[in-house]
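Where a number appears in this text, it was derived from the coordinates with a stated rule and is not lab data. Keep in mind that what you see is a predicted model, and the values were worked out from it rather than measured. Here the Cβ positions follow ideal geometry from the backbone for every residue, glycine too, while neighbour counts run over all protein chains shown.
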Amino acid sequence: MSKLSVRAPRAEAVTLCLFEGEIETRVPMTRCDRGEGEGWIAEAPPPGTRYGLRAHGVWAPEQGLWFDPAKLLVDPRAVELDRPFAYNPALSAHGADTAALVPRAIMPGALPDLPRCPPFFRRGGLIYEINVRGLTMLHPEVPEPQRGTVAALAHPAVLAHLEKLHVSAVELMPINAWIDERHLPPLSLRNAWGYNPVVPMALDPRLCPGGVVELRETVAALHARGIGVILDLVFNHTGESDVLGPIISFRGLDNAAYAHAPDGSLINDTGCGNTLDFANPAVRSLVLDSLRHFVRHCGVDGFRFDLAPVMARGPAFASDAPIFAEIADDPWLADRVLIAEPWDIGPGGYQLGQFPANWLEWNDRYRDDVRRFWRGDAAIGVLAQRIAGSSGIFGMDCRSVNFLAAHDGFTLADTLAYAERHNHANGEDGRDGHGENFSWNNGVEGPTGDHAICARRAALARAMLGTLFVSTGTIQLTAGDEFGRSQRGNNNAYAQDNAVTWIDWIGRDRALEDHVAALSTWRAKRDMSQFSENGTWTALEGGALDAARWENPATPGFVWRSGGEAARPTGLRIDRAAPEAGPLDDEGAGSQSGDMPI
């Protein structure tokens, strides 16, 4: 008989709760201090059984003890839930029974291992960042019951769009089960991004109602088209939030999973109320098991780690943190695509360029400097560094993930239409979101019927996209930026599960979409993972560029050609005055006679 174990080393007793409908049967678990101190063990119920946990012990939050047998708790190692999380104040109230409020875990059967294969992704390719729900909620070709789900990504119309863009891998914003932040329900808002998970392996039933099977089948469908799948995972905090937050899993079983200061208070290096403690071997073990689960049982190609410095904190960031070696030594994980968001808000939280050599990193310096250049306040020398792979940050091993916009911050279209954020719909009096976005409105804040302003914005969008697609390194495009998606000036639309974040497929700019597809066709024929030092930089009008012109913000652009006259592999032209940016054709003669219209 298989066993179910749970880590709760400071609990006085733990009860396994089995459910048939709303009828609850309680089974005492036995203390079993083995290995990392899982703490408690019982015979595992049959596959398909709904279950939860209750932990008994001291209630002393000031001492980090949150034991309350009235709280139904989700197994931190659950892989499937029978319903989504929904916030309720009773989840925090001592003594209030929450059996009716908390999802039950579903006992899994044996999950087959998939054959190992190399990742369906190559460095230098195009990553397409997707909000799974927002991508297809308004897609006219996807059947309504399927819209907003993981399965919708395998719809022929979605696959055709990804192929048109030569997408190397989709990066799925969190599909793990999450809970709304407690301030959202009173505002009639919901979390639209999913960056507030509770347990690391369980998929959210709203996004992936078919559970592990649905994810596995969707990954297989994407692989059949040569497209990899990267999961955006949140291992830096959980949705239990600060000391006023809900008691739904870790907090009620093993609050030591969270990092604490010497005075016992929760460390908050995430801005979300708590921080998982990666100095704790049990936390790292659970994270590693979660990564293996998604590779072994779902076939995913890699992971993007939200606020990744937390994974290397103990409490200070360490470039040789244990988790890096543990991933590198794991036969299921060593060859996966690993991408860091290399910053958090804790001390020394900005760690761009400091992750292991086999990791890629989101490069916010690229985003900001490209925006500054096209806004008119950065010199061509700065732009050239970013196009060439940011060697000053990463050295000659280009690990940069270059992007113009991401899920947080302005969309590309809004970068060119709004000088200020417009976030009042989020219910925080417009204080949330980044205040400095290096955006500019080109003369009018927001939408306008002025044809000259619209033409200017359109030209700049093409120039910025051209810059991205000729840049060295891996590039990332957020879904919808290829055809002018707007969030109406909201640069922190995490709480807008509505038309603000749902992509408008009917009203999209098809001419811009075709332009991006042509750029991507050009890029897909070339290895853009490493910059060629064998090339020449010249002024737009010809002639050498001296230091003064490189550093002068008024210099409008440059031409770069790689290789010698015999090789003629490629080149690029940047002209801020036009504005224009994009590749030269293989003959080095500009776009007019080549395979890539600018």
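Structure above, values below:
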quantity: Ascending count of other beta-carbon atoms within 10 Å, so fewest first, for I267, I179; calculated: I267, I179
quantity: Over 30 Å [Cα-Cα, the chain], rounded percent; calculated: 54
quantity: Sites excluded, trypsin sites (Lys or Arg not before Pro) in DSSP loops with at most 14 other C-beta within 10 Å, longest stretch of the chain; calculated: 226-430
quantity: Estimated dipole of the chain in Debye, rounded to 20 [Cβ of Lys and Arg +1, of Asp and Glu -1, Cα centre]; calculated: 620
quantity: Cα principal axis extents for segment 140-296, largest first, Å; calculated: 55, 38, 25
quantity: Rounded, prolate or oblate (a/c below 1.5 giving rounded, otherwise prolate when a/b exceeds b/c) for segment 360-413 by Cα gyration tensor; calculated: oblate
quantity: Beta bridge orientation in the chain: antiparallel %, DSSP, nearest 5; calculated: 65
quantity: Between segment 251-276 and segment 171-189, the alpha-carbon center distance in angstrom; calculated: 20
quantity: Cut-off 10 Å between beta-carbons: net charge of the residues surrounding I230, Lys and Arg +1, Asp and Glu -1; calculated: -2
quantity: The chain - mean residue ellipticity at 222 nm from DSSP helices (-39,500 (n - 2.57) per run, n ≥ 4, rounded to 500); calculated: -6000 deg cm²/dmol
quantity: Span-like helix ranges in the chain, DSSP H, alpha carbon extent 15 angstrom or more, Kyte mean at least 0.5; calculated: 211-224, 451-469
quantity: Phi to ³J(HN,Hα) by Karplus 6.51 cos²θ - 1.76 cosθ + 1.60 over segment 541-550, Hz, x for Gly, Pro; calculated: 8, x, x, 6, 9, 8, 4, 4, 6, 4
quantity: DSSP-assigned coil residues among GluC sites (Glu not before Pro) in segment 464-548, each with at most 15 further Cβ atoms within 10 Å; calculated: E533, E541
quantity: Rh by Kirkwood over Cα pairs, then Stokes-Einstein D for segment 18-156 at 1.002 mPa s and 20 °C, µm²/s; calculated: 112
quantity: Positive minus negative residues near A495 (Lys, Arg vs Asp, Glu; Cβ under 10 Å); calculated: -4
